[in-house]
Amino acid sequence: MSQTAPPLEAPPAPQPRLARWRHALSTVNPPHGELDAVSKWLVITRAGVLPMTLTAGAIAGLLALQGKSKVQQATPPMPEQATESVKEDVQWTRTRAQAHFAAGWYALAFVGIVLAHVSNNLLNDLFDTDTGLDTGDYPRALYAPHPILSGMISRGGLVRAAVAVNLADVVILIVLIAARGWVVLAFGLGGVLLNVAYTAPPLRLKKRGLGELDVMLVWGPLMIAGTYYSAVGRLPWQVWPASIPYGLLCTAVLMGKHIDKLPWDHKAGVRTLPVILGEARARSLTKSSMVAFYVAVVACVIAGALPWPGLACFGAVPLLARALRALTRPRPERPPRRFPVWPLWFAAFVFTHTRRAGALLVAGLAIAAIFAIGPAWLR
């Protein structure tokens with residue numbers, strides 16, 4: 001008696017191109033099926049975490065846009081017989097008139113910080129592979145394909161990509177220095193130093209418990225204040241405290257990730273802050289950093305460093321509560337269904353909260369800019 005073979009199952013239909021890109025952006029993992037060039041580079045560059053930088057740039061731009069106010073008015077002439085007080089007032093007005101929001105320079109600075117983040121991701125994978133930290137059983141190769149270890153790109157290809165990105169950033173830096181002066185160079189060199197030193201020998205700040213401070217400085221003062229200065233050409237003191245809240249959120253994301261990687265890092269001798277503090281205290285510090293974001297926003301509003309519509313970020317409190325609960329409870333032994341970034345667990349909750357809180361802060365700043373709401377330095 002003959003037996004008929006069971007019908008072959010039809011292969012899954014390929015995802016539409018936009019759906020594949022959305023999957024790579026939301027999960028930092030490649031989509032199922034054929035890997036197109038865009039999806040490949042979205043995974044290699046870990047573009048899914050770029051919203052952290054996009055938000056920092058948007059915060060800087062909205063503060064700069066609102067702060068331009070009356071700087072384009074004609075400057076008054078200097079009176080022939082003027083007192084020192086009058087001379088100071090006229091000089092202040094002239095300084096204000098020379099500082100104005102330049103959309104082109106802002107856009108160039110915005111592209112610069114995004115490329116710097118891409119460079120950071122590429123260099124992390126390159127240096128951590130060269131030093132032997134990234135292996136097939138290390139979390140970097142587990143929550144998403146490692147660019148080199150998975151065969152998506154050769155080491156030489158990754159080096160060429162990193163060089164290309166950094167050369168583009170150097171060109172942007174030179175143009176901005178020519179347009180805005182040497183203050184831009186200070187921000188640029190600070191960013192490059194912290195970018196490379198995060199994983200590169202001999203400093204390897206991540207290995208010495210300084211990686212979290214690195215992120216706080218880069219995604220707070222360096223990105224926000226540096227982009228603001230590039231856009232306007234001046235730097236009011238209020239920009240510095242206004243840059244702190246979002247820096248705290250980004251630091252919390254890295255803390256969550258390092259808590260997830262704690263067993264591997266401890267074994268490898270990578271002394272991240274969670275390894276130094278221990279898991280319980282690291283969890284507490286991460287929760288404190290997220291709560292401190294809201295405290296810092298309120299303090300900035302009271303001090304006049306942020307406009308009150310920025311309080312829209314409190315709309316993310318439900319996600320804050322969910323992240324705090326996750327950081328309080330034991331980590332699950334197995335990943336839930338359709339959880340794409342395992343063994344990262346706490347980082348996923350913290351990142352989701354950071355993305356929502358940052359987006360709402362940007363929305364509040366946009367409302368303030370549209371309706372000219374805020375303290376005097378922003379009107």
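Laid out as a table, the results:
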{"item": "Among Ala102, Val171, Ala347 - extreme Cα towards positive end, dipole of the chain, charges at beta-carbon", "result": "Ala347"}
{"item": "Highest-fluctuation residue, Ala162, Ala64, Ala321 considered, GNM on the chain with Cα pairs under 10 Å", "result": "Ala321"}
{"item": "Check: the chain dipole with +1 on Lys, Arg Cβ and -1 on Asp, Glu Cβ, in debye", "result": "720"}
{"item": "In Hz, Karplus ³J(HN,Hα) per residue of the stretch 119-126 (6.51, -1.76, 1.60; θ = phi - 60°; x = Gly, Pro)", "result": "4, 4, 5, 5, 5, 4, 5, 5"}
{"item": "Euclidean distance of C-alpha centroids, the stretch 18-50 and the stretch 317-338, integer Å", "result": "25"}
{"item": "The chain - accessible surface per residue (Å², probe 1.4 Å)", "result": "49"}
{"item": "Cβ-derived FRET efficiency at R0 25 Å, Lys267 paired with Ala321, nearest 0.05", "result": "0.15"}
{"item": "Nearest 10 degrees, 0 to 90: helix 183-197 Cα axis against the chain principal axis", "result": "20"}
{"item": "Hull shadow area, averaged, the stretch 136-201 [alpha-carbon convex hull, nm²]", "result": "5.6"}
{"item": "Rounded to whole Hz, the Karplus (6.51, -1.76, 1.60) HN-Hα couplings of the stretch 305-318, x for glycine and proline", "result": "8, 10, x, 5, x, x, 5, 4, 4, 5, x, 8, 4, x"}
{"item": "Stretch gain in nm, segment Ile177-Phe314, where the contour uses 0.36 nm per residue and the Cα spacing is subtracted", "result": "45.6 nm"}
{"item": "DSSP loop GluC sites (Glu not before Pro) with at most 16 other Cβ within 10 Å excluded, longest remaining stretch of the chain", "result": "81-332"}
{"item": "Distance between the stretch 215-277 and the stretch 120-187 - C-alpha centres, whole angstrom", "result": "18"}
{"item": "Among Asp36, Asp125, Asp265, residue whose mean-square fluctuation peaks in a GNM of the chain (springs only between Cα atoms under 10 Å)", "result": "Asp36"}
{"item": "Three-way shape label, the stretch 181-323, alpha-carbon gyration tensor, a/c 1.5", "result": "oblate"}
{"item": "Whole-angstrom Cα spans of the stretch 337-379 along principal axes, big to small", "result": "49, 16, 8"}
{"item": "Relative contact order for the stretch 288-352, counting Cα pairs under 8 Å that sit 6 or more residues apart, in percent", "result": "26"}
{"item": "In degrees, nearest ten, helix 155-180 long axis to first principal axis of the chain (Cα)", "result": "10"}
{"item": "Angle between the chain longest axis and helix 239-260 axis [Cα atoms, degrees, rounded to 10]", "result": "10"}
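The values are calculated or read from the model by the stated rules, or taken from the named source; none is laboratory data. Not measured: the values here are computed from a predicted model. Note that we place each Cβ from the backbone using ideal geometry, even for glycine, and neighbour counts take in every protein chain shown. Heavy atoms of the whole protein, side chains included, go into the accessibility calculation; ligands, DNA and RNA do not. Shrake-Rupley method; radii C 1.70, N 1.55, O 1.52, S 1.80 Å.
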